[in-house]
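The values are calculated or read from the model by the stated rules, or taken from the named source; none is laboratory data. A quick note: this is a predicted structure, and the numbers were derived from the prediction, not measured. Here Cβ is always computed from backbone atoms with ideal geometry, including for glycine, and neighbour counts include all displayed protein chains. In case anyone asks, the SASA skips ligands and DNA or RNA and just uses the protein heavy atoms, side chains included. Shrake-Rupley method; radii C 1.70, N 1.55, O 1.52, S 1.80 Å.
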Amino acid sequence: MMTEIEFLSWVRGPGLQIATIIFVAGIVIRILEILLLGRKGNLAEAKGSEMSGGFRTILSRSVPTPSTFKRSTFTIVAGYIFHLGLFLVIFFYAPHILFFKDVIGLSWPSLPTPVIDATAVISIIALLAVIVHRFNNKVLRYLNNFEDMLVWFVTIAPLVTGYIAFHRIGMTGPTLLAIHILSVEILMVVFPFTKLMHAFTIFMSRWYNGAMSGYRGVES
Amino acid sequence: MSASLEKGINALKEQVDSSVASFFSSCVHCGMCADACLFYTETDDPERTPINKTEPLRRIWKSEYTLIGRIGKLFGLTKKVDDQLLTDWETLVYDSCTLCGRCSMVCPVGNDIAMMIRKTREGMAAAGHAPEGLIGATTRAVTIGSPMGVKLPALQAQIGHVEKDTGMKVPVDVEGAEYMLLLSSMEIMNFPEFIGAIAKIFDKAGVSWTISSEAFEATNSGIQIGVSDIAAELVQRVVDAAEKLKVKTVISPECGHAYFAIRWEGPNLIGKPFNFKVRHVLEVLDELRKDGRLKTTGMESQKLTYHDPCQIARRGGVIDEPRNLLNMISDNFVEMPDTGKMNWCCGAGGGVSSNERADEIRLKVFQRKKDQLDAIRPDAIVSACSNCRIHLEDGLEEYHMDIPLLSLTETLAEHLE
Ligand code: SF4
Ligand code: SF4
């Protein structure tokens, strides 16, 4: 049986290394797998520009039209909250910044801990609401599959374990921290092989969509 | 595996490129595309969620073009495409999608779902899972030259009537004309007034134009059914005629899919750029307006609205032109809620109207158009696609709404100075 400290140093050492390798290699493979397929050039006379259309849609697709917002309000609001929440918690919590400084040598200002704490709670609530909505909404229930569940679980897990570790609920500090880090590692390992990849491929997809539309003179 | 299934799978494999792969990789199963699609909003049937319609293509992408899918295949874990799947999906891919592209404008990760469904049709058709009606239309397009079986004598007869009614000459096979006009069968048979309208407008504007007796059909059933070879053959006929008559520009008529087919898919289908331009008739008319060659008189005082045909507006980029033209002749032009590139499809494009099996659903989803119209209660609807027009008339009748349909070109011709 590993001791508490051994567990923590494993997740901080070999565990993190393995997860990072799978994460980085997986992402590179996935992106190459897509880009190497290539795409035929368009021989039709252009009515607008692919480039500006593509870049435009990368930005504009973040803002739904009023009528789309009305039709998909919950998905958009909850989606925005948990994405933004995750972003703030991951990148602006002081101990995380220290970790990034260790790994990549860069650091930036943090947000006050109570703000992060509240953000984490809000994100957890949003993700819980998302899963309830998933089971209550006809379309989402129909689309739902194992991957959706897995991805939801590995996304909310680091938030929950982080929250528990910070508030020292239940176990001792090192164990809680180790569990938190482990949950992040699981997220990293799952990431490249699931829809979590959209964090990267969204830029390609939006670009393609915008470029194809832009070429035809439509802002998409 | 049956030979036709194998053909279908190969056709699907050919459809996967970097854009398709990135789209499938990005889908987060958020369901927003369903809320954008009239076949879902008006039926509440989750199977009709746009991205779900691409399932056959998704399975091929996953099992053939992703590492994890290929590993899964070794262990029999990756889902396969079989005849049962294609049978089950036929009504989703053909009857429940007009390729209108509204879902592609809404998906938050940017997936062009309509394009993916169009590609899925390539596999379905190759595997023999296309609807009877579309197969018939496509066969007629290849053998007779028109999906509705309209032959040259029928066109000549209609031209004869038009010439008698208008006293104008309709030029046929005039070499060196600037423009070559294509027509859809629907126009030739149901709306020959369109030809007369063009004759009048072009005469006033001093435009040299012609119709080719060898390639007058604009509709491309090959695209609707999803058979690129046939689509290419139909495009080639137009190219040959345009080159033979040495025209500078080919005009696509008031038909949505015809425009998308010749303008945007055409050169890619035959594998080389055209040496003439392709313009939608509304683009040509708007050019004439800009040059001061199209002058109108009088204003329609009735409340007019404009129905954007999907393939002309959202998928085709002709959005401002009809509005410029309408403003010339109407001082009471009102937009529907959700208009231009976000307009809702009439419910009958993309081959749906050629597919009798889809008659019931296309009228059901017309409820969406009805709601849009109810919001503004226009006196008349102007549009620029004869397929939209026929279906709108059908839908209006079904829902007991008494609103006349007008063609933009014809309405302009009535207001010529
Ligand atoms: S293209 Fe139009 S009809 Fe087809 S799935 Fe998308 S929104 Fe629905
Ligand atoms: S809207 Fe886009 S991301 Fe959402 S389910 Fe549809 S295709 Fe997938």
Carbon plus sulfur fraction of accessible area for the protein assembly as shown, probe 1.4 Å, in percent: 60
Reduction of at least 10 Å² in accessible surface, 1.4 Å probe, comparing all protein chains with the chain by itself, residues of region A:11-40: A:ILE29, A:ARG30, A:GLU33, A:ILE34, A:LEU37, A:GLY38, A:ARG39
Cut-off 18 Å, label 7 Å out along Cα→Cβ of B:GLU414, residues of region B:310-348 by amide N: B:323, B:325-334
Acute angle (nearest 10 degrees) that the helix A:173-190 long axis makes with the longest principal axis of chain A, alpha-carbon atoms: 30
Heavy-atom SASA rank of A:VAL130, B:VAL93 (probe 1.4 Å, accessible area, largest first): A:VAL130, B:VAL93
Inter-centroid distance (Cα atoms) of region B:122-171 relative to region B:56-93, Å: 37
Area of A:THR65 that stays accessible when all protein chains are in place (1.4 Å probe, Å², to 10): 50
Phi-based couplings in Hz for region B:330-335 (Karplus 6.51, -1.76, 1.60; Gly and Pro marked x): 9, 10, 9, 8, 10, 8
Area of B:ASP112 that stays accessible when all protein chains are in place (1.4 Å probe, Å², to 10): 10
Net length gained if the chain between B:ASP173 and B:ASN327 were fully extended (0.36 nm per residue, minus Cα distance): 52.0 nm
Spin-label pair B:LYS303/A:LEU37, simplified geometry with 7 Å Cα→Cβ offset, distance in nm: 4.7
Where trypsin sites (Lys or Arg not before Pro) in DSSP loops with at most 13 other Cβ within 10 Å are excluded, longest remaining stretch of chain A: A:41-167
Region B:238-309: trypsin sites (Lys or Arg not before Pro) in DSSP loop, at most 16 other beta carbons within 10 Å: B:LYS246, B:LYS248, B:ARG293, B:LYS295, B:LYS303
Volume in Å³ per residue [convex hull over Cα atoms, computed for chain B]: 134
Heavy-atom SASA rank of A:MET188, B:MET124, A:MET2 (probe 1.4 Å, accessible area, largest first): A:MET2, A:MET188, B:MET124
Trypsin sites (Lys or Arg not before Pro) restricted to region B:132-196 and DSSP loop, no more than 16 other C-beta within 10 Å: B:LYS151, B:LYS169
B:MET328 accessible area, 1.4 Å probe, all protein chains in place, Å² to nearest 10: 40
On Cα atoms only, tilt of B:228-244 relative to the major axis of chain B in degrees: 30
Surface per residue (accessible, 1.4 Å probe) for region A:63-137, Å²: 60
Qualifying lysines (Cα of each under 30 Å from Cα of B:LYS272; at least 8 residues distant if same chain): A:LYS40, A:LYS47, B:LYS7, B:LYS13, B:LYS119, B:LYS151, B:LYS244, B:LYS246, B:LYS248, B:LYS341
Calculated from backbone phi, Karplus (6.51, -1.76, 1.60) coupling profile of region A:210-219 in Hz, x at Gly/Pro: x, 5, 5, 5, x, 4, 8, x, 10, 8
Accessible heavy-atom area order of B:ASP229, B:ASP203, highest first, probe of 1.4 Å: B:ASP229, B:ASP203
FRET efficiency for B:VAL334 and B:LEU152, using Cβ-Cβ distance with R0 set to 56 Å, rounded to 0.05: 0.85
For chain B, accessible area per residue (1.4 Å probe, heavy atoms of protein chains only), Å²: 35
FRET efficiency for B:GLU356 and B:LYS73, using Cβ-Cβ distance with R0 set to 45 Å, rounded to 0.05: 0.70
Shielding by other protein chains, B:221-230, mean Cβ within 10 Å: 0
Derived scalar couplings ³J(HN,Hα) [region A:35-43; Karplus, 6.51 cos²θ - 1.76 cosθ + 1.60; whole Hz; x for Gly, Pro]: 5, 5, 5, x, 8, 5, x, 9, 8
Computed FRET value (nearest 0.05) for A:PHE74 with B:ASP88, which takes r as the C-beta separation and R₀ as 45 Å: 0.90
For the pair B and A, total buried accessible area rounded to nearest 100 Å², probe 1.4 Å: 4600
Aspartates and glutamates with Cα under 19 Å of B:LYS295, excluding same-chain neighbours fewer than 8 positions away: B:ASP203, B:GLU283, B:ASP286, B:GLU287, B:ASP320, B:GLU321, B:ASP331, B:GLU410, B:GLU414, B:GLU417
Amide H partners (placed H, <5 Å) of B:VAL250, local residues excluded: B:MET180, B:LYS277, B:VAL278, B:ARG279
